[in-house]
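The values are calculated or read from the model by the stated rules, or taken from the named source; none is laboratory data. None of the values given here were measured: they were computed from a predicted structure. No Cβ is skipped: glycine too gets one built from the backbone with ideal geometry, and neighbour counts run over all protein chains shown. Side chains included, ligands, DNA and RNA excluded: accessible areas come from the protein's heavy atoms. Shrake-Rupley method; radii C 1.70, N 1.55, O 1.52, S 1.80 Å.
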Amino acid sequence: MSKPRSVIRRVLLASLATALAATAGYSALNLSSEADAAATLPPTHAKFDYQIGGAYTPPAGVQVVTRDWTASPAAGLYNICYINAFQAQPGDEGSWSSDLLLRDASGKIVYDADWGEALLDLRTADKRSRIAAKVNGWTNTCASKGYKAIEPDNYDSYTRSKNLLTASQAKSYLTLLATYAHSKNLAIGQKNTVELASSRTSIGLDFAVAEECGQYDECGDYVQYFGNNVIVIEYTNSGRTKACSAYGSTLSIVQRDVDVSTPGSSGYVRKTC
């Protein structure tokens, strides 16, 4: 049975986008309509800098940068837009509807103890939809500023939720974010949570951002599901050494300080393979 002409045109457009993206050194994603431009993945094995603690002039040779959604992208580079999508920023609980903050049986807000961030309540489809609507507004900002991808953080919040949230709820919510990102021609990365990497295709995730996979011998698990579309961030010399030894010729790897500080700060660290 022959394909309708509209389908053939979409296939041709997708092929053209793929060829153009390949010329630029990127991998193209499928087109959602004839009017859409293809989203592109970060170039693999590229020099990378993680700037979520504050934007600054990227070091020489850097091709890919991640910055917070409130910052402007770095000119001429592939920019990834960081979004705290599963938790409220410290002290920012008031910007969320009260019922969208996860609460325990006594009504107390559940926090990520390490970072002092309130977890968002993903337990119902209605709440997931409402939370996604707010977060997708930040995605709109990323797109309008010229970012090429988003990095929604704290996918693993369910593991810190006092067993109130489930992996299934986290995946359902992230699917909403992925679908919307693609509608804006943005790629979307899986941040950590290697135990859910096998669900990348069903959710619609395009690449991975893995913190300390060298330190904890997890880089290979990400590669199993994402190929070389993995960005590695280490926070120790030993982690960087291990990641570089095994994957320095195939993955994007950088070591930063835990506070992801800016140059000139006393704790600033940035090392590569």
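In the chain, helical runs assigned H by DSSP with n ≥ 4 each contribute -39500 (n - 2.57); averaged across all residues and rounded to the nearest 500, the mean residue ellipticity at 222 nm is -9500 deg cm²/dmol. In the context of the full set of protein chains, region 216-273 has a per residue accessible area of 47 Å² (1.4 Å probe). Placing +1 on the Cβ of every Lys and Arg and -1 on the Cβ of every Asp and Glu, with no other charges, gives region 149-255 a dipole of roughly 240 debye about its Cα centre. What separates the Cα centres of region 219-250 and region 124-145 is a distance of 30 Å.
Of Tyr247, Tyr82, Tyr222, which is the most mobile in a GNM of the chain whose springs link Cα atoms less than 10 angstrom apart? Ranking Tyr247, Tyr82, Tyr222 by mean-square fluctuation puts Tyr247 first. Result for the chain in a Gaussian network model with C-alpha springs under 10 Å: among Gly107, Gly214, Gly204, the largest mean-square fluctuation is at Gly107. Of the DSSP H helices in the chain, those with a Cα length along their own long axis of 18 Å or more and a mean Kyte-Doolittle hydropathy reaching -1.0 comprise 5-24, 125-145, 167-183. Positive-end ranking of Gly146, Thr166, Val65 along the dipole of the chain, with charges on Cβ about the Cα centre, is headed by Gly146. With 27 Å as the limit, the listed pairs Lys108/Lys171; Lys134/Lys171; Lys127/Lys191; Lys162/Lys242; Lys134/Lys184; Lys184/Lys271 have Lys162/Lys242; Lys184/Lys271 beyond it between alpha carbons.
Just so you know, the Rg over Rh for region 157-273 is 1.01, from Cα atoms, with Rh as the Kirkwood radius. The C-alpha atoms of the chain occupy a region whose extents along the principal axes are 61, 44, 33 Å, arranged from largest to smallest. Highest mean first, the peptides 149-156, 48-55 sorted by other C-beta atoms within 10 Å per residue fall in the order 149-156, 48-55. Overall, the accessible surface of region 57-136 at a probe of 1.4 angstrom is composed of carbon and sulfur to the extent of 51 percent.
With a 1.4 Å probe and every protein chain left in place, work out the accessible area per residue of region 78-124 in Å², rounded to a whole number. Counting only protein heavy atoms, the per-residue value for region 78-124 is 41 Å².
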